[in-house]
1. Examine the range 203-222 for a residue that is surrounded by 18 or more Cβ atoms within 10 Å (Cβ to Cβ), closer than 30 Å to residue 108 by Cβ and modelled with pLDDT under 95, and state whether such a residue exists.
2. Could you look through the range 33-45, keep only residues that are in contact with a helix residue (DSSP H, G or I) (Cβ under 8 Å, 6 or more places away or on another chain) and over 11 Å from residue 16 (Cβ atoms), and pick out the one that is surrounded by the most Cβ atoms within 10 Å (Cβ to Cβ)?
3. Do the conditions hold for residue 23, that is, is it surrounded by fewer than 16 Cβ atoms within 10 Å (Cβ to Cβ) and either in contact with a strand residue (DSSP E or B) (Cβ under 6 Å, 6 or more places away or on another chain) or farther than 24 Å from residue 187 by Cβ (or both)?
4. Residue 5 fails exactly one of the following numbered conditions: (1) surrounded by fewer than 16 Cβ atoms within 10 Å (Cβ to Cβ); (2) in contact with a strand residue (DSSP E or B) (Cβ under 9 Å, 6 or more places away or on another chain). What is the number of that condition?
5. Which of the residues that make up the range 78-114 are free of Cβ contacts under 8 Å to residues at least 24 places away in the same chain, within 24 Å of residue 31 (Cα to Cα) and surrounded by 10 or more Cβ atoms within 10 Å (Cβ to Cβ)?
6. Give the residue, chosen from 46, 84, that is under 27 Å from residue 182 (Cβ atoms) and not assigned by TED's automatic domain parsing to the domain that holds residue 185.
7. For the range 187-202, which residues satisfy the criterion of being within 19 Å of residue 36 (Cα to Cα) and either loosely packed, with under 14 Cβ neighbours inside 10 Å or in the same structural domain as residue 8 (by TED's automatic domain parsing) (or both)?
8. Is one or more of the residues making up the range 1-9 touching a helix residue (DSSP H, G or I) at 6+ places or on another chain (Cβ under 7 Å) and more than 24 Å from residue 197 (Cα to Cα)?
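The values are calculated or read from the model by the stated rules, or taken from the named source; none is laboratory data. All figures in this text were calculated on a predicted structure; none of them were measured in a lab. In this analysis, Cβ positions are derived from the backbone assuming ideal geometry, glycine residues included, and neighbour counts consider all displayed protein chains.
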C-alpha cells in the first residue's frame, strides 16, 4: 500500500518504470529508503502480473532473483520469494526477502488491541464486512445516521467512495488485526503509513476517522444486527 499510494513516493512511481532492469536492481540493493527500494524491486520483477496502481511494466524475475542471490541476500529466503512470485505474481514474498536484509532492530511479539467481539446470528460481527451483502447494507445504513464516524465520512469523502472507504476503515480497526505480531521500529512505521497516510484516495490522514470508527463499533454492531434480522443470514 505504501509503495502504491503514499504521496511521498509519487515521483519514484513515475520515474522508476523508465529505468532498465539493471538500474532497478541497483536501486533495490542499494542504500535508499526501504520504500523506494521496494518500488524498484517491484518494477524489476514486473508490475504486469497482478492489478495494481503502478504503471504496468514487464519484469525479468529470473534475472532479478539470480542477482539477489549473488548479491548476498539470504539464499533460502530469496528462493522462497522466487517460488512465491512464480506461483502468485504478488510481492509479499519478495518484500519479505527485502526486509530480511534490513539491519536488525530490537523487536518484540505482541498481540494487537482487539475490540470486543459481538456475535450476530452465530457469526462474529466483523464477518459482516464490505464484501458481504449484509455488511454493505449495514454500512450504507450506518453512514446515514448521526454517529461521529458517519458524520466524518459524509463531510470528508465523496459520495461515490463513502461506502468502500468506510468498509476499508472498519477492516483496519476490527479485522486487520493479529495475535503474535512481530513489532520493530520499521514495521511500526510502515504500518502507520499504510493505516493513516495512504489507506484510501481522498484521505491523507486517517487518524481521526480510525479513532471515531473504533469508538462507534458498538453502534455499528447494532445496525448490523438490525440488518441481519431484516435481510436474513447471508454467510
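1. Yes, the range 203-222 contains at least one residue that is surrounded by 18 or more Cβ atoms within 10 Å (Cβ to Cβ), closer than 30 Å to residue 108 by Cβ and modelled with pLDDT under 95.
2. Going through the range 33-45, the residues in contact with a helix residue (DSSP H, G or I) (Cβ under 8 Å, 6 or more places away or on another chain) turn out to be 34-45.
Then keep just the ones that are over 11 Å from residue 16 (Cβ atoms); that gives 34-35, 45.
Working: 34: 17, 35: 17, 45: 28.
Among those that are in contact with a helix residue (DSSP H, G or I) (Cβ under 8 Å, 6 or more places away or on another chain) and over 11 Å from residue 16 (Cβ atoms), it is 45.
3. Values: surrounded by fewer than 16 Cβ atoms within 10 Å (Cβ to Cβ): yes; either in contact with a strand residue (DSSP E or B) (Cβ under 6 Å, 6 or more places away or on another chain) or farther than 24 Å from residue 187 by Cβ (or both): yes.
For residue 23, the condition - surrounded by fewer than 16 Cβ atoms within 10 Å (Cβ to Cβ) and either in contact with a strand residue (DSSP E or B) (Cβ under 6 Å, 6 or more places away or on another chain) or farther than 24 Å from residue 187 by Cβ (or both) - is met.
4. Among (1) surrounded by fewer than 16 Cβ atoms within 10 Å (Cβ to Cβ); (2) in contact with a strand residue (DSSP E or B) (Cβ under 9 Å, 6 or more places away or on another chain), the lone unmet condition for residue 5 is (1).
5. 78, 79, 80, 81, 82, 92, 93, 96, listed by residue number.
6. Numbers: 46 fails: under 27 Å from residue 182 (Cβ atoms).
84 is the lone residue from the list that is under 27 Å from residue 182 (Cβ atoms) and not assigned by TED's automatic domain parsing to the domain that holds residue 185.
7. Residues satisfying the conditions are 188, 189, 192.
8. Filtering the range 1-9 for residues touching a helix residue (DSSP H, G or I) at 6+ places or on another chain (Cβ under 7 Å) gives 1-3, 6, 9.
Cutting the leftovers down to more than 24 Å from residue 197 (Cα to Cα) gives us none.
Checked against the condition, which is being touching a helix residue (DSSP H, G or I) at 6+ places or on another chain (Cβ under 7 Å) and more than 24 Å from residue 197 (Cα to Cα), the range 1-9 yields no hits at all.
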